[in-house]
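Everything below concerns the one structure shown next.
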Amino acid sequence: MGFEHTSVMPQEVQEHQNLKPGYVCVDCTLGGAGHALSTIRAILPDGMLIGIDQDADAIHHATEILHPFKEHVRLFHSNFSDLPRILSAIGIKGVNAIVLDLGFSLNQLKNSRRGFSFSKNEPLDMRMDIRNTLTAFEIVNSFPESELMDIFFKYGEEKFSRRIAKKIVEARIQAPIRTSEALSQIITAAVPKKSAAKQRIHPSTRVFQALRIAVNNELEKLESFMAQVPSLLLENGRLCVISFHSLEDRIVKQALRRFENGCTCPKTLPECLCGFSPQMKSVFRKALIPSKEETEFNPMARSAKLRVAQKV
């Protein structure tokens, strides 16, 4: 399938997981299994790695890559938001480390044939998990103009969302928009040429991001997962999250802030009445970013941010 083992910020993740032999760890988004491979090596001889991915291709790939360690690995074809159910099913009450790399797999861009890339002419699908029913084709060809505009603005932060949504609706009246290339041509024509010339990214980038997020319900699943993190970790267990755009990073940052503050009482009250105590502590205040050397070697890492927190 053309999977690459290149993982983002591998040294930083390895260091800040604070791994020891015998630990039980989770890789919530296996992808090319780069993080999983370094994690399992660090927790042998008697540790356990739980690996999750919603893309069946990633599970097949990880099965092959991690085969030498199969006695210490459990793989699940699922979304990371299902981790509480997965741990319960295998009788594990808590884990020592969780890695959540929210990056987009290069394999999905290059080889999935599901229309993730605007530079390819592929069917408009964009499902990470093909067991799900909603596709990008359905959104683009059947959602009302106002809803398309909201998706592009909310999930893609696209300032020309209104114009793009209008052009899409006009085009689909003539014929269904079936491919990533056809959609990209409509978007490019809708964005004013002067604005497009000033942008460092392709005019279709934000809309394709927005559609992918909407199809896979990504932000809602991230919010659900983050709300449950403290209950999944053992004492001093660590969470490492790599995000790639501001919407993801905001959800992670706000959740960690709530866990650190503990108290939910209004600030006007003279003393705490809720009784909630801090559950997590950030290992460093600001998110870590990749080194210049890494971004030169792997341009897909350039927008990555790593946040690490420890259960108290």
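The values are calculated or read from the model by the stated rules, or taken from the named source; none is laboratory data. Everything numeric here is computed off the predicted structure, so don't read it as measured data. Every residue, glycine among them, receives a Cβ derived from its backbone with ideal geometry; neighbour counts consider all protein chains shown.
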Residue 196 versus (1) modelled with pLDDT under 95; (2) small (Gly, Ala, Ser); (3) not in a helix (DSSP H, G or I): which is the lone unmet condition? (3)
Filter region 156-167 for residues that are surrounded by fewer than 21 Cβ atoms within 10 Å (Cβ to Cβ) and touching an Asp or Glu at 6+ places or on another chain (Cβ under 9 Å) and give the result. 162, 166
Report yes if some residue within region 165-187 is among the basic types (Lys, Arg) and within 26 Å of residue 222 (Cβ to Cβ); otherwise report no. no
Give the number of residues within region 10-33 that are closer than 18 Å to residue 291 by Cα and either surrounded by fewer than 20 Cβ atoms within 10 Å (Cβ to Cβ) or modelled with pLDDT under 95 (or both). 5
Within region 14-27, is there a residue that is among the aliphatic types (A, V, I, L, M) and over 20 Å from residue 309 (Cα atoms)? no
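To keep it simple, each residue is scored yes or no on (1) among the aromatic types (Phe, Trp, Tyr); (2) within 15 Å of residue 7 (Cβ to Cβ).
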position: 40; (1), (2): no, yes
position: 43; (1), (2): no, no
position: 49; (1), (2): no, yes
position: 59; (1), (2): no, no
position: 64; (1), (2): no, no
position: 70; (1), (2): no, no
position: 73; (1), (2): no, no
position: 76; (1), (2): yes, no
position: 82; (1), (2): no, no
Of everything in region 174-208, what is buried (at least 18 other Cβ atoms within 10 Å of the Cβ) and either farther than 21 Å from residue 139 by Cα or touching a Gly at 6+ places or on another chain (Cβ under 6 Å) (or both)? Give them in sequence order. 180, 206, 207
Among (1) under 26 Å from residue 249 (Cβ atoms); (2) modelled with pLDDT of 95 or more; (3) loosely packed, with under 15 Cβ neighbours inside 10 Å, where does residue 170 come up short? (1)
Among the residues of region 77-97, count how many are farther than 19 Å from residue 242 by Cα and touching a Ser or Thr at 6+ places or on another chain (Cβ under 9 Å). 4
In region 87-132, anything over 17 Å from the mean Cα position of the chain (by Cα), of a type in the set (A, V, I, L, M) and crowded, with 18+ Cβ neighbours inside 10 Å is listed as 87, 95, 97, 124
Could we say that residue 235 is acidic (Asp, Glu) and loosely packed, with under 15 Cβ neighbours inside 10 Å here? yes
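Go through the residues of region 186-200 one by one and say whether even a single one is touching a Phe, Trp or Tyr at 6+ places or on another chain (Cβ under 6 Å), under 21 Å from residue 311 (Cα atoms) and without any contact (Cβ under 8 Å) to a residue 60 or more places away in the chain.
So far as region 186-200 goes, no, none of its residues is touching a Phe, Trp or Tyr at 6+ places or on another chain (Cβ under 6 Å), under 21 Å from residue 311 (Cα atoms) and without any contact (Cβ under 8 Å) to a residue 60 or more places away in the chain.
Only residues that are over 14 Å from residue 209 (Cα atoms) and of a type in the set (Lys, Arg): list them for region 98-138, please.
Answer for region 98-138, where residues must be over 14 Å from residue 209 (Cα atoms) and of a type in the set (Lys, Arg): 110, 113, 120, 131.
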Note on region 165-182: residues in contact with a Ser or Thr (Cβ under 9 Å, 6 or more places away or on another chain) and within 15 Å of residue 145 (Cα to Cα) are 165, 172
